[in-house]
Amino acid sequence: MHGKPSPGGLKTETGRPASWQPIYDGVLNAIARHRLGPGAKLAEEEIAEIYGISRTVVRAALQALARDGVVILQRNKGARVAHPTPDEAREIFEARAVVEPPLAALAAARMRPGDEAMLRDAIEAEHGAFHADNPREAVFHSADFHRRIARLSGQRVMTAIVDGLLSRSSLVIALYWRRPATLCDNAAHLALLRALAAGDAPGAARLMRDHVEALLADLDLRSGSASASDLASALRGAP
(Lines give C-alpha, C1' and ligand atoms only; values in the text may rest on other atoms or scores of the structure.)
Protein backbone atom coordinates (compact mmCIF):
# COMPACT_ATOMS: atom_id res chain seq x y z
CA MET A 1 0.00 0.00 0.00
CA HIS A 2 1.54 3.21 -1.17
CA GLY A 3 4.71 1.21 -1.86
CA LYS A 4 5.12 0.03 1.73
CA PRO A 5 6.09 -3.53 2.57
CA SER A 6 3.10 -5.78 3.13
CA PRO A 7 2.86 -8.32 5.92
CA GLY A 8 3.02 -11.27 3.55
CA GLY A 9 5.63 -9.74 1.29
CA LEU A 10 8.45 -12.11 0.33
CA LYS A 11 11.54 -11.65 -1.77
CA THR A 12 13.28 -14.09 -4.05
CA GLU A 13 16.90 -15.16 -3.61
CA THR A 14 17.90 -12.24 -5.86
CA GLY A 15 16.30 -9.82 -3.40
CA ARG A 16 13.48 -8.93 -5.79
CA PRO A 17 9.83 -9.00 -4.69
CA ALA A 18 7.96 -12.22 -5.39
CA SER A 19 6.14 -12.21 -8.74
CA TRP A 20 2.77 -12.35 -6.99
CA GLN A 21 3.45 -9.33 -4.76
CA PRO A 22 1.50 -6.77 -6.90
CA ILE A 23 -1.63 -8.95 -6.73
CA TYR A 24 -1.21 -9.47 -2.99
CA ASP A 25 -0.79 -5.72 -2.42
CA GLY A 26 -3.63 -4.84 -4.77
CA VAL A 27 -6.13 -7.09 -3.02
CA LEU A 28 -5.05 -5.84 0.42
CA ASN A 29 -5.31 -2.25 -0.75
CA ALA A 30 -8.83 -2.85 -2.12
CA ILE A 31 -9.87 -4.46 1.16
CA ALA A 32 -8.38 -1.68 3.27
CA ARG A 33 -10.21 0.92 1.20
CA HIS A 34 -13.43 -1.12 1.36
CA ARG A 35 -13.60 -1.57 -2.41
CA LEU A 36 -13.62 -5.34 -1.80
CA GLY A 37 -16.02 -6.40 0.92
CA PRO A 38 -16.23 -9.57 3.00
CA GLY A 39 -17.30 -12.53 0.93
CA ALA A 40 -16.34 -10.95 -2.42
CA LYS A 41 -15.37 -13.57 -4.99
CA LEU A 42 -11.77 -13.47 -6.25
CA ALA A 43 -11.81 -15.22 -9.61
CA GLU A 44 -8.34 -16.34 -10.68
CA GLU A 45 -9.05 -15.90 -14.38
CA GLU A 46 -10.39 -12.36 -13.96
CA ILE A 47 -7.49 -11.29 -11.74
CA ALA A 48 -5.02 -12.76 -14.24
CA GLU A 49 -6.65 -10.73 -17.01
CA ILE A 50 -6.63 -7.51 -14.93
CA TYR A 51 -2.90 -7.82 -14.16
CA GLY A 52 -1.86 -9.46 -17.42
CA ILE A 53 -0.22 -12.41 -15.70
CA SER A 54 -0.66 -16.17 -15.41
CA ARG A 55 -3.20 -17.85 -13.18
CA THR A 56 -0.31 -19.65 -11.48
CA VAL A 57 1.02 -16.33 -10.18
CA VAL A 58 -2.48 -15.28 -9.11
CA ARG A 59 -2.92 -18.56 -7.25
CA ALA A 60 0.34 -17.95 -5.34
CA ALA A 61 -0.90 -14.50 -4.29
CA LEU A 62 -4.23 -15.87 -3.12
CA GLN A 63 -2.48 -18.58 -1.13
CA ALA A 64 -0.35 -15.92 0.60
CA LEU A 65 -3.46 -13.87 1.38
CA ALA A 66 -5.13 -16.97 2.78
CA ARG A 67 -2.15 -17.59 5.08
CA ASP A 68 -2.63 -14.04 6.40
CA GLY A 69 -6.31 -14.66 7.12
CA VAL A 70 -7.86 -12.19 4.68
CA VAL A 71 -8.85 -14.66 1.96
CA ILE A 72 -10.62 -18.02 2.15
CA LEU A 73 -9.75 -20.78 -0.35
CA GLN A 74 -12.47 -23.37 -0.89
CA ARG A 75 -12.06 -26.48 -2.97
CA ASN A 76 -14.18 -26.37 -6.13
CA LYS A 77 -15.43 -22.90 -5.12
CA GLY A 78 -12.32 -20.78 -5.57
CA ALA A 79 -11.25 -17.83 -3.43
CA ARG A 80 -13.28 -15.25 -1.54
CA VAL A 81 -12.46 -12.37 0.76
CA ALA A 82 -12.79 -13.63 4.33
CA HIS A 83 -16.03 -13.02 6.22
CA PRO A 84 -15.11 -12.78 9.93
CA THR A 85 -17.61 -14.19 12.39
CA PRO A 86 -18.57 -12.10 15.44
CA ASP A 87 -16.19 -14.17 17.58
CA GLU A 88 -13.36 -13.67 15.09
CA ALA A 89 -14.10 -9.94 14.93
CA ARG A 90 -13.88 -9.66 18.70
CA GLU A 91 -10.64 -11.63 18.81
CA ILE A 92 -9.04 -9.45 16.12
CA PHE A 93 -9.62 -6.29 18.16
CA GLU A 94 -8.67 -8.00 21.42
CA ALA A 95 -5.38 -9.02 19.78
CA ARG A 96 -4.81 -5.43 18.68
CA ALA A 97 -5.41 -4.25 22.26
CA VAL A 98 -2.60 -6.57 23.37
CA VAL A 99 -0.10 -5.98 20.56
CA GLU A 100 -0.40 -2.28 19.71
CA PRO A 101 0.10 -0.60 23.13
CA PRO A 102 3.67 -1.88 23.70
CA LEU A 103 4.56 -0.92 20.13
CA ALA A 104 3.23 2.59 20.78
CA ALA A 105 5.43 2.78 23.88
CA LEU A 106 8.49 1.72 21.89
CA ALA A 107 7.63 4.23 19.16
CA ALA A 108 7.43 7.03 21.73
CA ALA A 109 10.93 6.17 22.93
CA ARG A 110 12.31 6.13 19.37
CA MET A 111 10.75 9.28 17.89
CA ARG A 112 13.13 11.16 15.60
CA PRO A 113 12.90 14.51 13.80
CA GLY A 114 10.31 14.22 11.09
CA ASP A 115 8.36 11.37 12.69
CA GLU A 116 5.75 13.65 14.22
CA ALA A 117 5.08 15.27 10.85
CA MET A 118 4.83 11.86 9.20
CA LEU A 119 2.20 10.74 11.70
CA ARG A 120 0.34 14.03 11.44
CA ASP A 121 0.13 13.57 7.66
CA ALA A 122 -1.86 10.37 8.21
CA ILE A 123 -4.22 12.10 10.64
CA GLU A 124 -4.78 15.00 8.25
CA ALA A 125 -5.45 12.60 5.37
CA GLU A 126 -8.00 10.79 7.54
CA HIS A 127 -9.62 14.08 8.56
CA GLY A 128 -9.71 15.34 4.97
CA ALA A 129 -11.30 12.14 3.66
CA PHE A 130 -13.96 12.22 6.36
CA HIS A 131 -14.92 15.81 5.58
CA ALA A 132 -14.95 14.98 1.87
CA ASP A 133 -17.66 12.41 2.71
CA ASN A 134 -15.38 9.52 1.82
CA PRO A 135 -15.54 7.33 4.94
CA ARG A 136 -13.90 4.27 3.40
CA GLU A 137 -10.83 6.35 2.49
CA ALA A 138 -10.84 7.79 6.01
CA VAL A 139 -10.84 4.24 7.39
CA PHE A 140 -7.81 3.45 5.23
CA HIS A 141 -5.87 6.46 6.55
CA SER A 142 -6.92 5.66 10.11
CA ALA A 143 -5.38 2.20 9.77
CA ASP A 144 -2.34 3.74 8.09
CA PHE A 145 -1.78 5.89 11.19
CA HIS A 146 -1.64 2.71 13.27
CA ARG A 147 0.70 1.06 10.78
CA ARG A 148 3.08 4.02 10.91
CA ILE A 149 3.23 3.88 14.71
CA ALA A 150 4.00 0.16 14.59
CA ARG A 151 6.83 0.72 12.11
CA LEU A 152 8.34 3.41 14.32
CA SER A 153 8.67 0.80 17.09
CA GLY A 154 11.50 -0.91 15.21
CA GLN A 155 9.90 -4.32 15.86
CA ARG A 156 9.58 -5.88 12.41
CA VAL A 157 7.94 -9.14 13.47
CA MET A 158 5.32 -7.44 15.63
CA THR A 159 4.75 -4.80 12.95
CA ALA A 160 3.94 -7.56 10.46
CA ILE A 161 1.41 -8.95 12.95
CA VAL A 162 -0.20 -5.51 13.28
CA ASP A 163 -0.34 -5.18 9.48
CA GLY A 164 -2.29 -8.40 9.27
CA LEU A 165 -4.62 -7.47 12.11
CA LEU A 166 -5.35 -4.10 10.52
CA SER A 167 -6.20 -5.70 7.18
CA ARG A 168 -8.58 -8.07 8.94
CA SER A 169 -9.98 -5.13 10.93
CA SER A 170 -11.06 -3.57 7.62
CA LEU A 171 -13.27 -6.59 7.01
CA VAL A 172 -14.68 -6.38 10.53
CA ILE A 173 -15.51 -2.69 10.10
CA ALA A 174 -17.23 -3.39 6.78
CA LEU A 175 -19.47 -5.93 8.50
CA TYR A 176 -20.04 -4.75 12.03
CA TRP A 177 -19.40 -1.02 12.35
CA ARG A 178 -22.56 0.92 13.19
CA ARG A 179 -21.23 4.38 14.07
CA PRO A 180 -19.83 5.91 10.87
CA ALA A 181 -20.15 9.41 12.27
CA THR A 182 -17.63 8.63 15.02
CA LEU A 183 -15.32 6.24 13.18
CA CYS A 184 -13.16 9.01 11.82
CA ASP A 185 -13.24 11.26 14.85
CA ASN A 186 -9.49 11.63 15.14
CA ALA A 187 -9.37 13.06 18.69
CA ALA A 188 -7.92 9.77 19.92
CA HIS A 189 -5.27 9.88 17.22
CA LEU A 190 -4.34 13.46 18.07
CA ALA A 191 -3.98 12.53 21.75
CA LEU A 192 -1.75 9.62 20.75
CA LEU A 193 0.33 11.91 18.56
CA ARG A 194 0.89 14.31 21.46
CA ALA A 195 2.06 11.48 23.72
CA LEU A 196 4.36 10.11 21.04
CA ALA A 197 5.85 13.53 20.25
CA ALA A 198 6.49 14.09 23.98
CA GLY A 199 8.25 10.75 24.30
CA ASP A 200 5.64 9.65 26.83
CA ALA A 201 5.88 5.87 26.48
CA PRO A 202 3.46 4.91 29.29
CA GLY A 203 0.95 7.51 28.10
CA ALA A 204 1.17 6.33 24.49
CA ALA A 205 0.59 2.72 25.56
CA ARG A 206 -2.40 3.66 27.71
CA LEU A 207 -3.97 5.83 25.02
CA MET A 208 -3.50 3.13 22.38
CA ARG A 209 -5.11 0.50 24.59
CA ASP A 210 -8.04 2.78 25.41
CA HIS A 211 -8.49 3.65 21.73
CA VAL A 212 -8.54 0.05 20.47
CA GLU A 213 -10.86 -1.04 23.29
CA ALA A 214 -13.21 1.83 22.38
CA LEU A 215 -13.23 0.66 18.76
CA LEU A 216 -14.16 -2.84 19.91
CA ALA A 217 -16.94 -1.47 22.10
CA ASP A 218 -18.42 0.34 19.09
CA LEU A 219 -18.80 -2.84 17.02
CA ASP A 220 -22.28 -4.28 16.63
CA LEU A 221 -21.39 -7.98 16.62
CA ARG A 222 -24.71 -9.22 15.38
CA SER A 223 -25.01 -10.85 11.98
CA GLY A 224 -23.31 -8.57 9.48
CA SER A 225 -23.76 -8.32 5.74
CA ALA A 226 -21.64 -6.76 3.04
CA SER A 227 -22.49 -5.35 -0.36
CA ALA A 228 -21.31 -7.00 -3.56
CA SER A 229 -18.02 -5.82 -5.04
CA ASP A 230 -16.96 -5.35 -8.65
CA LEU A 231 -13.56 -7.02 -8.85
CA ALA A 232 -12.20 -5.14 -11.85
CA SER A 233 -13.17 -1.72 -10.46
CA ALA A 234 -11.84 -2.63 -7.00
CA LEU A 235 -8.41 -3.74 -8.21
CA ARG A 236 -8.05 -0.94 -10.74
CA GLY A 237 -8.67 1.63 -8.03
CA ALA A 238 -12.04 2.94 -9.13
CA PRO A 239 -13.76 5.00 -6.40
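The values are calculated or read from the model by the stated rules, or taken from the named source; none is laboratory data. Keep in mind it's a predicted model, so treat the numbers as computed, not measured. Positions of Cβ are backbone-derived with ideal geometry, glycine not excepted, and every protein chain shown enters the neighbour counts. These accessible areas exclude ligands, DNA and RNA; they are computed on the full protein's heavy atoms, side chains included. Shrake-Rupley method; radii C 1.70, N 1.55, O 1.52, S 1.80 Å.
Things to note:
- Helical mean residue ellipticity (222 nm; -39500 (n - 2.57) per DSSP H run of 4+; nearest 500) of the chain: -20500 deg cm²/dmol
- Portion, in percent, of the accessible area of segment 86-218 that falls on carbon or sulfur, probe 1.4 Å: 54 percent
- Size check on the chain: the Cα extents along the three principal axes, sorted descending, read 52, 46, 32 Å.
- With a Förster radius of 25 Å applied to the C-beta separation of THR56 and THR85, the computed FRET efficiency comes to 0.20.
- Residues of segment 23-65 with amide N under 17 Å of a point placed 7 Å along Cα→Cβ from ASP230: 30-31, 34-37, 40-43, 46-47, 50-51
- A prolate overall shape is assigned to segment 20-96, the ratio a/c of its alpha-carbon gyration tensor axes (a ≥ b ≥ c) being 1.5 or greater and a/b exceeding b/c.
- ARG67-ALA117 pseudo-label distance in nm [points 7 Å out on the Cα-to-Cβ vector]: 3.8 nm
- Of the residues THR56, THR85, THR159, the one that moves most in a GNM of the chain with alpha-carbon contacts below 10 Å is THR56.
- Here the spin labels are modelled as points 7 Å beyond Cα on the Cα-Cβ line, and at ALA132 and ALA191 they lie 2.8 nm apart.
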